[in-house]
Amino acid sequence: MSKIPAILRTLLGLAFVVFGLNYFHPFLPAPAMAPEVMKDVMALMVPFIGAKYMGLVKAIEIISGLLLISNMFVPLALTLLAPILVGITVFHISLEPSGLPLPLVLVALEIACAYFYRDAFRPMLQAKTSPHTALPAKATSADRGTVAA
């Protein structure tokens with residue numbers, strides 16, 4: 001049971017690394033689309049590509065995927081990928097439903113990973129919280145375990 005979070009996290013990370021890299025260096029075949037669907041897709045994508053926004057999104061996908069694979073900053077990576085996954089899913093629901101199974105699998109992986117890391121998200125999900133008003137005290141050499149010279 002303890003290997004399941006690592007497997008799910010790695011699968012999600014690999015998917016985003018592969019699809020992110022595919023944007024910069026296409027190595028996967030482009031899906032076939034009907035001409036009327038392609039027109040709508042291009043109308044949506046061209047402004048994002050022209051403004052270099054897609055490059056930023058794909059860079060975030062790659063970095064977040066690598067963080068998931070390396071098991072570093074997993075809650076941050078999941079948080080960064082969540083809105084991207086929403087956008088991908090809405091895109092497929094509204095424009096290309098035939099490609100919907102993969103985003104649904106990725107959403108399931110994201111939700112499962114979020115569940116396994118739920119303790120890290122607990123502070124973000126509090127309805128009311130207070131800011132810290134006092135700055136932490138400066139650490140002294142005794143606090144650091146070193147001897148003052």
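Since every read-out is calculated from the coordinates, none of them should be taken as a lab result. As the structure is a computational prediction, the values presented were derived from the model and not from experiment. Cβ atoms come from the backbone with ideal geometry, glycine included; neighbour counts cover every protein chain shown.
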For the chain, the longest principal axis of the Cα atoms and the Cα long axis of helix 4-24 enclose an angle in degrees, to the nearest 10, of 60 degrees
The list (i) 0.94; (ii) 1.13; (iii) 1.03 gives values of Rg/Rh (Cα atoms, Kirkwood Rh), and only one came from this structure; which label was calculated from it?
-> (ii)
Relative contact order (%) - region 4-125, alpha-carbon pairs under 8 angstrom, separation at least six = 34 percent
Cα-projected label distance for Thr129 with Leu66, points at 7 Å along beta-carbon direction, nm | 2.8 nm
With -39,500 (n - 2.57) per DSSP H segment of 4 or more residues and division by the full residue count of the chain, the 222 nm estimate, nearest 500 deg cm²/dmol, is -21500 deg cm²/dmol
Fully extended, how many nm does the chain gain between Val90 and Ala34 (0.36 nm per residue separation, minus their Cα-Cα distance)?
-> 18.3 nm
For the chain, find the longest principal axis of its Cα atoms and tell me its angle to the long axis of helix 74-94, 0 to 90°, nearest 10.
-> 20 degrees
